[in-house]
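Right, one structure below, let's go through it.
The values are calculated or read from the model by the stated rules, or taken from the named source; none is laboratory data. On a predicted model such as this, the values are computed, not experimentally measured, just so you know. All Cβ positions, glycine included, derive from the backbone under ideal geometry; neighbour counts span all protein chains shown.
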Amino acid sequence: MADEGEVKRRVVAAVDDLAADLIALSRRLHANPEVAFQERQAAAWLTEMLERHGFTVERGVAGLPTAFIARYGRDRPAVAVLSEYDALPEVGHACGHNLIGPSAVAAGIALRAAADALGGTVMVYGTPAEELGGGKPVMVDQGLFKDVDAAMMFHPYPGEEKQAGCGGGSLALRAFDFTYRGKPAHSGFAPWEGRNALDAVILLFNAVNAMRQHVKPDVRIHGIITNGGQVFNIVPEEAACRLALRSFDTAYLLEVTERVEEAARGAALATGTELETRLFMKYDAIKPNPTLVRLISDNLRAMGFTVRDPRPTSASSDYGNVSQVLPSAGFSMATHPPGINFHTPEFAEGAATERALGGMLEAAKVMAAVGADLLADPGLVARAREEFAVS
Ligand SMILES: [Zn+2]
């Protein structure tokens, strides 16, 4: 019988043994930011490290070239750690995903000792394009999480040192491209011959603005015009906009989504144009699993962290889709000074500091410890599953 306390000490110590490699890897990701679905180097570097430490890696899963699944061990329970590694256009790693990728890889590698001693499978999921498009919804829809019993991940955030948060919710999100096609005509010579696609886009924005007073306060609707026409003196034949809708309540979000789609059709009708609607992002709200939240929070406290009360964040993540199909929980760890906002150059700069890199190692230790607890006690996994089924 393996000594569980000893196993846990070993997995946590394993992260320290990997520290130099992890810091170098995180710095390399930070210096070479790659955006959604183009994270080729990132996926190569992360999987290379996993393979070097005995993981079997499947690359290009779900038809996504930069997605991967790495496995170690056998049988159940199967515990998964999720990694992200995409950057933002222009600002680079302004969400700190250069810390998320290596922390997940570290937790996975550290957990080998637990899988060897206690049995079970450790998996590291490489999930691309969290910022724009979402790899996880595609992987979820293709059933790639069906053999996993519990999943976890970490995200950086700005806060006081040694602070962490766990179990917060997020906004469900649907994002659409609305494209209108009208009829071109000379704007001076024969405008009556034309049907104006840009007018349809403008009408849609006005309809959405009229709707704002009549939706619940947590709803967000925002967007940009992605095509405003081609030439100023030709009636715009084609115009398009990209709109995102968010709410904490997925069911309510779908109601609002229907209203916006109606408004989009109305704008086409009013302008005599044709409408094409394309859903391009589908992020569900996060459903935290109580047992996993407690387990993560206990391990955070045991490592000297203060854990804030769970609070919903007014952001969205495709991690929500994973949380809707299996027991999972995420936590955030203060890697940046308070007052720095996500998706800014300051956040990107902060993502390669000593403090942030130290936080990444701490986060890896927390996930390794949680994974060791789950592999050691099948009762925890069973309880998490039961809660998942009834909530
Ligand atoms: Zn992020």
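Condition first: part of a helix (DSSP H, G or I), of a type outside the set (Asp, Glu), surrounded by 22 or more Cβ atoms within 10 Å (Cβ to Cβ) and away from the ligand (no atom under 16 Å from the Cβ). Can you find one or more residues in region 333-347 that meet it? Within region 333-347, not a single residue is part of a helix (DSSP H, G or I), of a type outside the set (Asp, Glu), surrounded by 22 or more Cβ atoms within 10 Å (Cβ to Cβ) and away from the ligand (no atom under 16 Å from the Cβ). Applying the criterion of being surrounded by fewer than 20 Cβ atoms within 10 Å (Cβ to Cβ) and either within 16 Å of the ligand (Cβ to nearest atom) or of a type in the set (Asp, Glu) (or both) to the residues of region 272-311, the residue that is nearest to Gly168 (Cα to Cα) is Asp309.
Only one of the numbered conditions (1) over 22 Å from the mean Cα position of the chain (by Cα); (2) surrounded by 22 or more Cβ atoms within 10 Å (Cβ to Cβ) is violated by Arg355, and that is (2). Checking the stated criteria, Arg212 turns out not to satisfy the condition of being within 20 Å of the chain's Cα centre (by Cα) and either assigned to a loop (DSSP other than H, G, I, E, B) or basic (Lys, Arg) (or both). Residues in region 117-134 that are more than 13 Å from the ligand (Cβ to nearest atom) and assigned to a loop (DSSP other than H, G, I, E, B): Gly119, Gly133. Residue count for region 224-280, restricted to those that are touching a Pro at 6+ places or on another chain (Cβ under 8 Å) and not charged (D, E, K, R): 7. Any chance region 70-84 includes a residue that's free of Cβ contacts under 8 Å to residues at least 40 places away in the same chain and either surrounded by fewer than 20 Cβ atoms within 10 Å (Cβ to Cβ) or outside the structural domain of Ala113 (by TED's automatic domain parsing) (or both)? Looking through region 70-84, none of the residues is free of Cβ contacts under 8 Å to residues at least 40 places away in the same chain and either surrounded by fewer than 20 Cβ atoms within 10 Å (Cβ to Cβ) or outside the structural domain of Ala113 (by TED's automatic domain parsing) (or both). Anything in region 67-94 that is part of a loop (DSSP other than H, G, I, E, B) and more than 16 Å from the ligand (Cβ to nearest atom)? List them, or say none. Once the filter is applied, which keeps residues that are part of a loop (DSSP other than H, G, I, E, B) and more than 16 Å from the ligand (Cβ to nearest atom), region 67-94 yields Ala67, Asp75, Arg76, Pro77. The condition of being in the same structural domain as Ala369 (by TED's automatic domain parsing) and either within 21 Å of the chain's Cα centre (by Cα) or modelled with pLDDT under 95 (or both) holds for only one of Asp298, Asp309, Asp249, that being Asp309.
Applying the condition of being more than 17 Å from the chain's Cα centre (by Cα) and assigned to a loop (DSSP other than H, G, I, E, B) to region 143-161 and asking which residue is farthest from Ser297 (Cα to Cα) yields Gly143.
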